[in-house]
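The values are calculated or read from the model by the stated rules, or taken from the named source; none is laboratory data. Just so you know, these numbers come straight off a predicted model, no measurement behind them. Heads up, the Cβs are rebuilt from the backbone with ideal geometry, glycines too, and the neighbour counts pull from every protein chain shown. Just so you know, the surface numbers come from the protein's heavy atoms only, side chains and all, with ligands and any DNA or RNA stripped out. Shrake-Rupley method; radii C 1.70, N 1.55, O 1.52, S 1.80 Å.
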Amino acid sequence: MIRFDDVSVRYEGAAGPALAGVDLTVPEGELCLLVGPSGVGKSTLLGTVSGLVPHFTGGTLRGRVTVAGRDTRTHRPRELADVVGTVGQDPLAHFVTDTVEDELAYGMESLGLAPAVMRRRVEETLDLLGLAALRDRPIATLSGGQRQRVAIGSVLTPHPRVLVLDEPTSALDPAAAEEVLAVLQRLVHDLGTTVLMAEHRLERVVHYADQIILLPAPGAPPVTGGPAEIMAVSPVTPPVVSLGRLAGWSPLPLSVRDARRMAGPLRERLAGLAPEPHPAPIPDAGPLPAPRPAAAGGTAPDTAPAVITDAGPAGPTGPTAELSRLSVRRGRTEVLRRIGLTVRPGETVALMGRNGAGKSTLLNTLAGLHRPAGGSAVVGGAVPHRTPPRELIRRVGLVPQEPRDLLYADTVAAECAAADGDADAAPGSCRALVTALLPDVSDTTHPRDLSEGQRLALALAVVLTARPPLLLLDEPTRGLDYAAKSRLVEILRGLAADGHAVLLATHDVELVAELAHRVVILADGELVADGPTAEVVTASPAFSPQVSKILAPQPWLTVSQVRNALPAAAPPAASRTEAGR
């Protein structure tokens, strides 16, 4: 169905090719998973299938890519639209209408399908993706995950023979991700649809794949094979595979079910041991440095920030952020209802819940972007929506779901210089953070030429440069591979150890298991759970990490906890080793 013949892609001004030596075939009716570290060319490879590369992105394509016999060099994207449906990393870039139902119908209208056919397919897709309740909603009012489902639905309705998906579950809650993947599997198995998908959250998708294409490094030829074969050599692996490697299981399990069947001897070795706890928040860390004055040459704000005098600044035990009976309305809808939440210095709190539960609204309220309809929000003694932005940036920093909202310069170096100036930081501070997160990104790279994960890391570095006492992160691991996520975890742990508070909204249960001290769950705008990470995530299958599911009822959450405990565990007897095979 899809054939690559010695394909290479080079962009103007790039030091090397984005792709080189791609020579492979994706058969009809298979789900093929594209994996590899951030920045190795996965999005470029997907773009060659839809014709976006090079017709839309520019660059030089050598070799030949054919889809259902059509050469993408001579067929532009609109000439492939009846065969190929594409969803990129940024759903907003694909929307052309205002409402959910209109967006689902648009692709079919472009192909001239009969109105009766269009109506039936719209209804089918609304049901398949759980969008029926949103059919009349303006797309602008949807959460990031809801937009992702609409974008996927808009390419399903024309019934393409090939689906090209770039990070399709990155913004979805666990339940919604399972629903979408079940739909894709049904299309593959029942209708013979060919699916080519790039995804960093391998724990969600690897067991669905028929074959895997591994791009090991920029410009390196791909490695293809079955999922177990490729996972044995891949530099990026989900926790279930990492645990299997650590335990020496063969063949490597790809699903929790397979791993549980092999985990008996490992549970015996870990019996009686306890995982290392997360570092506790620092109640006696002392007050953080006072907000810095404006940079030299700057002017003081016209009005002093509104301060709640009886709250006081965050001190040794004072909260960095505090919500009391907070309610927020957007139009006629009450998005948050009577939320009570305290975040203290040195504490990392994960905010979880299904798409549309109100997580982003809560973060935006703390960042001063929404005015409460009732109750109060206080950050470091200040009321966010009444505090001038130049003062607020010293108290709270927000990395939104759409990192491009923070990026406006022409190069990475210019973004870093602007961030240093805005934060009154030493020159090179932002660039050092970028290097820690993205070791291989050049100063001269334009932010728009970065992958979604790389743009997110750059935006994070821009916000971290000011070292705000409260850091708000909205889906911080979208587009990040496991190595970049690990670097992010170390940076956030360092900030927490220095007394900064971190509040992150995420669907990434593996990140939460590694990083969070507490988990707060929202449902339909109300707070329904707030407690230590281990207690909250293991109480629900939807929020449990893979290691927890595999080793239950033992209390392990992460591969690193198991790795650190194994030297203290008794070595397995020969009979036990055999039993695990």
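Once the whole set of protein chains is in place, how much accessible area is left on Thr444, using a 1.4 Å probe, in Å² to the nearest 10?
110 Å²
Calculate, for His446 and Glu109, the FRET efficiency according to 1/(1 + (r/R0)^6) with r their C-beta to C-beta distance and R0 30 Å; round to the nearest 0.05.
Values: r = 35 Å, r/R0 = 1.16.
According to the calculation, E is roughly 0.30.
Let me know the charge dipole size of the stretch 20-156 about its Cα centre in debye, to the nearest 20, where only the beta-carbon of Lys, Arg (+1) and Asp, Glu (-1) is charged. Walk me through the intermediate numbers first.
On the way: 14 positive and 16 negative charges, 77 e Å.
Dipole magnitude for the stretch 20-156 comes out near 360 debye.
Using the Cα centre of the chain as the reference point, and only Cβ charges (+1 on K/R, -1 on D/E), how large is the resulting charge dipole? Debye, rounded to the nearest 20. Write out the running numbers ahead of the final one.
Working: 55 positive and 63 negative charges, 129 e Å.
Once rounded to the nearest 20, the dipole reads 620 debye.
With the alpha-carbon atoms as the only input, what is the per residue convex hull volume for the stretch 381-509 in Å³?
109 Å³
When all alpha-carbon pairs of the stretch 512-552 are counted, what percent fall beyond 11 Å? Can you show the working numbers first?
Numbers: 520 of 820 pairs.
Of the Cα pairs, 63 percent sit more than 11 Å apart.
Count neighbours as other Cβ atoms within 10 Å of each site's Cβ, and list the GluC sites (Glu not before Pro) in the stretch 1-105 that are DSSP loop with at most 15 such neighbours.
Numbers: sites: Glu12, Glu28, Glu30, Glu79, Glu101, Glu103; in loops: Glu12, Glu28, Glu30.
Here the GluC sites (Glu not before Pro) that fit, given the DSSP loop and packing criteria, are Glu12, Glu28.
Put +1 on the Cβ of each Lys and Arg and -1 on the Cβ of each Asp and Glu in the chain; which of Thr125, Ile393, Val349 then has its Cα farthest toward the positive end of the dipole?
The Cα lying farthest towards the positive end belongs to Val349.
Just to be sure I follow the definition: excluding the sites themselves, where is the longest run in the chain that has none of the chymotrypsin sites (Phe, Trp or Tyr not before Pro) in a DSSP loop with at most 15 other Cβ atoms within 10 Å?
Details: sites that count: Phe56, Tyr408.
Of all site-free stretches, the longest is 57-407.
In whole angstrom, how far apart do the alpha carbon centroids of the stretch 146-222 and the stretch 459-523 sit?
26 Å
Rank these residues by their accessible area, most exposed first, probe 1.4 Å: Asp474, Asp82. Could the numbers behind the result be given before it?
On the way: Asp474 10, Asp82 70 Å².
The residues order as Asp82, Asp474, largest area first.
Would you mind telling me the antiparallel percentage of the DSSP bridges in the chain, rounded to 5? It would help to have the intermediate numbers written out before the result.
Values: 38 of 72 bridges.
Antiparallel: roughly 55 percent of the beta bridges in the chain.
Give me the accessible area of His507, 1.4 Å probe, in Å² rounded to the nearest 10.
Approximately 10 Å² for this residue.
Mind jotting down the three principal axis lengths of the stretch 29-102 based on Cα atoms? Whole angstrom, largest first.
Per principal axis, max minus min of the Cα coordinates gives 40, 30, 30 Å.
Of Asp5, Asp422, Asp440, Asp508, which has the most accessible area with a 1.4 Å probe, and how do the rest follow in descending order?
On the way: Asp5 45, Asp422 75, Asp440 145, Asp508 0 Å².
I get Asp440, Asp422, Asp5, Asp508, largest accessible area first.
Rounded to the nearest whole Å³, what is the per residue volume of the convex hull around the Cα atoms of the stretch 482-550?
On the way: hull volume 6.7 nm³, N = 69.
It comes to 97 Å³ per residue, whole-number rounded.
Work from the charge dipole of the chain (Cβ charges, +1 for Lys and Arg, -1 for Asp and Glu, about the Cα centre) and give the residue of Phe95, Asn364, Val378 farthest towards its positive end.
Val378
Per residue, what accessible area does the chain have, given a 1.4 Å probe and all protein chains present, in Å²? Before the final figure, lay out each step's value.
Details: 23950 Å² over 581 residues.
Ligands and nucleic acids excluded, the figure is 41 Å² per residue.
Hey, quick one: spin label on Arg186, modelled 7 Å out along Cα-Cβ, who in the stretch 131-149 has an amide N within reach, i.e. under 12 Å?
131
Sticking with the crude label model, points 7 Å out along Cα→Cβ, report the distance from Glu535 to Asp424 in nm, one decimal please.
4.1 nm
Computed over the Cα atoms of the stretch 15-143, what is the ratio Rg over Rh, Rh following Kirkwood?
On the way: Rg = 17.1 Å, Rh = 17.0 Å.
Here Rg/Rh amounts to 1.01.
I need the fraction of alpha carbon pairs in the chain separated by more than 44 Å, rounded to a whole percent.
Details: 32556 of 168490 pairs.
Across the chain, Cα pairs with separations above 44 Å total 19 percent.
May I ask you to list the lysines whose Cα is less than 26 Å away from that of Lys359, ignoring any residue fewer than eight positions away on the same chain?
Leaving aside lysines fewer than 8 places away in the same chain, those within reach of Lys359 are Lys485, Lys549.
Considering Cα pairs under 8 angstrom that are at least six residues apart, work out the relative contact order of the stretch 91-207 and quote it in whole percent. Write out the running numbers ahead of the final one.
Numbers: 131 pairs, mean separation 31.7, N = 117.
Result for the stretch 91-207 is 27 percent.
Ignoring any ligand, DNA or RNA, what whole percent of the accessible area of the stretch 133-249 comes from carbon and sulfur when the probe is 1.4 angstrom? Write out the running numbers ahead of the final one.
Working: 1900 of 3600 Å².
In the stretch 133-249, the share of accessible area belonging to carbon and sulfur is 53 percent.
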